[in-house]
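The values are calculated or read from the model by the stated rules, or taken from the named source; none is laboratory data. Note that this is a predicted model, so its numbers are computed, not measured. FYI the Cβ positions are ideal-geometry reconstructions off the backbone, even for glycines, and counts take in every protein chain you see. Protein only, heavy atoms only, side chains kept; ligands, DNA and RNA dropped before computing areas. Shrake-Rupley method; radii C 1.70, N 1.55, O 1.52, S 1.80 Å.
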Amino acid sequence: MSDWIHALPLWTAKVGAILLFAGVLAMVWSLPKDFVYFGAPDRGRWRDLRVWATVLLAVQCGIYYVF
Amino acid sequence: MDNLLSFTHTDVSWIDLGLLFAYLAGITVYGYLFKSRVHTSRDYFLAGKSLPWWIIGMSIIGTNIGSNDYVGGAGGAYRTGMAQANFEWIGAIPAMIIAAFIFIPFYWRAGVFSIPEYLGKRYSEPVRVIAALILSLFSVLIVGVFLWATALMLQTYLGWPILLSILITAGVVGLYTVSGGLAAVAYTDAVQLVIMFAGAVVVAIVGVNAAGGAVNFATQLQERFPDHLHTFLPSTHDEFPWPGVLLGLGLVLSPAYWCTNQAIMQRCLGARTEWDGKASMMFAAMAKTFVPLLIVLPGFFALLMAPEHLGVSDQALPWVVKNLLPPGVSGLLFVAFIAALQSSVSSTLNSASVMVTRDILGVIRSKRLDDAAELRMGRMITIAALAAGILCAPLTAQFRGIYVYVQQLLSFFQGPVFALLLMGILFKRITPRAGLWSLLLGLGFAALLGLAGLNMLYMAFWSFVMSVALLFGISAFTRPKSASELENLTYTSVVKEAVDV
């Protein structure tokens, strides 16, 4: 890896991780609702997989922020 | 694995033995019961597309966790601390979400039985056959690794001869995998996951109590080993440099594993609806979030409580088993090891069978088999893959670390295969010819990087970058498939269909 990467402070990694999570979250919420629910037997709120993804990524952000 | 020699069969109590035999008998009978559900090749390879999301989710994690995760995970936590958990968090969760929303809908709607079959539809039959050859060869080697690891544990823990241990494991797993197909694999995986989590939770409770309670455990860890509480390590770190973790693991290796692994994806293809397929991966991601608590904690227990520094970090878990766990609990953990291995063996066998039957022999044979013949062929191939795995098992002894061996094998082909899948789904302009040449040249490039001794995390990243560049470069000069040929195979067509319905 290039020297400039070695010169970056360690907190850059945390910022990178949180940006990755934010990017995935943005991708998930950009998907049409019909696509997310496609094949679901009903449109219950708990079947909205974007909400599941949000919870998962929020937990990840918390973990990487603390540790 | 050598460190499991720390277990000795003289330590085994009758409670532990009883647990093991009850598990082996129970799982064999339970898996065999699924034989009555198998009437067609679709039943055998895809469980008749009947699996609910929660069974698939449990099966995914059951397949994913192996004994190397227990032993290697605890050893890694002992050695480097929380950084070991990157494999379960940043090295899994984002990729699993991408798999759920981007990849599973395409595989499911394309109506394919395997990932190489999708590649065949998206690119060409040669790409399908090459991908199937690589992935099935890897599957057979991995079956050998898992069988050897199980046998080693049975030998060291119970004193059984290696060959007998391999044959017993292969017999138990083979019986229900050959007879019940994917349904048997998925449902037994779910039971095995419950056993694994139960074992790990009990170990966590016993360990925290031995450390004087949760508060005392956390305080001691913070005071004595503050460096072990960081997820990211300096870029100069030998094992887990943070750029390698972010770029290699987070952006390439992990999506490549979660989006292209046939053993993982096959149960998603057996989902009863597309939503079940997507939800299964999200459910698996939720379970995955907690895996570090279960496999990393024993490493911390050894770190705090072992009276002297352990010479080899992978001795952390055996030390905990020997010194902290009472009879019965150690047996439960041992059964959890065996369950973890068996779930991985059965899933890998089933996926190898579908690829060899449909993607290699099915393409090479000029005449297509009827359904009954394909089902028979699938079962025969499963037996053959198991036999090949048994023969390959002793080769594992030639390698020092099983976990690293598996990861190195994966990093040779995951970058190029993932590039083909991701770019093929996202861009209609990528051409069949670009797919074929990018796969071949990307594999060659990865091999060169491997021979040059590059860290496997960087190797995966650069072979992926190379393959992407080749895909776009060659596509600029060759002809793409028509819109009708790409229906249900690319991102825009699938999302548009969902919105139109």
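Scan the stretch B:189-199 for residues that are buried (at least 22 other Cβ atoms within 10 Å of the Cβ), farther than 19 Å from residue B:268 by Cα and of a type in the set (A, V, I, L, M) and jot them down.
Within the stretch B:189-199, B:195, B:196 qualify.
Can you name every residue in the stretch B:345-374 that is in contact with a Ser or Thr (Cβ under 7 Å, 6 or more places away or on another chain) and of a type in the set (Gly, Ala, Ser)?
Once the filter is applied, which keeps residues that are in contact with a Ser or Thr (Cβ under 7 Å, 6 or more places away or on another chain) and of a type in the set (Gly, Ala, Ser), the stretch B:345-374 yields B:346, B:347, B:351, B:352, B:353.
Is it true that some residue in the stretch B:446-462 is without any contact (Cβ under 8 Å) to a residue 40 or more places away in the chain and within 14 Å of chain A (Cβ to nearest Cβ)?
yes
Kindly establish whether residue A:52 is more than 17 Å from the chain's Cα centre (by Cα), facing chain B (nearest Cβ under 10 Å) and either open to solvent by 30 Å² or more (accessible area, probe 1.4 Å) or within 19 Å of residue B:271 (Cβ to Cβ) (or both). Even if it seems obvious, please write down each step before you answer.
Values: more than 17 Å from the chain's Cα centre (by Cα): no; facing chain B (nearest Cβ under 10 Å): yes; either open to solvent by 30 Å² or more (accessible area, probe 1.4 Å) or within 19 Å of residue B:271 (Cβ to Cβ) (or both): yes.
Spelling it out, it is not the case that residue A:52 is more than 17 Å from the chain's Cα centre (by Cα), facing chain B (nearest Cβ under 10 Å) and either open to solvent by 30 Å² or more (accessible area, probe 1.4 Å) or within 19 Å of residue B:271 (Cβ to Cβ) (or both).
Here is a list: B:285, B:256, B:263. Which entry is at pLDDT 80 or above, aliphatic (A, V, I, L, M) and under 30 Å from residue B:168 (Cβ atoms)?
Only one candidate qualifies: B:263.
Taking the residues in the stretch B:236-248 that are within 7 Å of chain A (Cβ to nearest Cβ) and assigned to a helix (DSSP H, G or I) as candidates, determine which candidate is surrounded by the most Cβ atoms within 10 Å (Cβ to Cβ).
B:242
When only residues in the stretch A:1-20 that are within 8 Å of chain B (Cβ to nearest Cβ) and among the hydrophobic types (A, V, I, L, M, F, W, C) count, which is surrounded by the fewest Cβ atoms within 10 Å (Cβ to Cβ)?
By that ranking, first place goes to A:10.
For the structure I just gave you, tell me whether residue B:228 is in a helix (DSSP H, G or I) and either touching a residue at least 40 places away in the same chain (Cβ under 8 Å) or more than 18 Å from the chain's Cα centre (by Cα) (or both).
For residue B:228, the condition - in a helix (DSSP H, G or I) and either touching a residue at least 40 places away in the same chain (Cβ under 8 Å) or more than 18 Å from the chain's Cα centre (by Cα) (or both) - is met.
With the condition being at pLDDT 90 or above, I'd like the helices (runs of 4 or more DSSP H) fully within the stretch B:425-501 carrying at least 1 qualifying residues.
Filter on the stretch B:425-501 gives B:432-451, B:456-475.
When the residues of the stretch A:21-36 are filtered to those that are more than 7 Å from chain B (Cβ to nearest Cβ) and surrounded by 17 or more Cβ atoms within 10 Å (Cβ to Cβ), which remaining residue is farthest from residue B:281 (Cα to Cα)?
It comes out as A:25.
I need a count of the residues in the stretch B:269-284 that are under 22 Å from residue B:350 (Cβ atoms), within 11 Å of chain A (Cβ to nearest Cβ) and touching a residue at least 24 places away in the same chain (Cβ under 8 Å).
11
Can you find a residue that is at pLDDT below 85 and away from every other protein chain (no Cβ under 14 Å) anywhere in the stretch B:171-182?
No, there is no match, as no residue in the stretch B:171-182 is at pLDDT below 85 and away from every other protein chain (no Cβ under 14 Å).
I'd like the full set of residues that are outside any helix (DSSP H, G or I) and either over 23 Å from residue A:51 (Cα atoms) or of a type in the set (A, V, I, L, M, F, W, C) (or both), limited to the stretch A:1-36.
Restricting attention to the stretch A:1-36, the residues satisfying the condition of being outside any helix (DSSP H, G or I) are A:1-2, A:8-10, A:30-32.
Of everything in the stretch A:1-36, those that are outside any helix (DSSP H, G or I) and either over 23 Å from residue A:51 (Cα atoms) or of a type in the set (A, V, I, L, M, F, W, C) (or both) turn out to be A:1, A:2, A:8, A:9, A:10, A:31.
Looking for something closer than 15 Å to residue B:41 by Cα and either open to solvent by 10 Å² or more (accessible area, probe 1.4 Å) or of a type in the set (S, T, N, Q) (or both) - is there at least one such residue anywhere in the stretch B:335-346?
No, the stretch B:335-346 has no match at all.
Residue-wise test of (1) assigned to a helix (DSSP H, G or I); (2) more than 28 Å from residue B:202 (Cβ to Cβ); (3) open to solvent by 10 Å² or more (accessible area, probe 1.4 Å).
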site	(1), (2), (3)
B:250	yes, yes, no
B:280	yes, no, no
B:283	yes, no, yes
B:294	yes, no, yes
B:327	no, no, yes
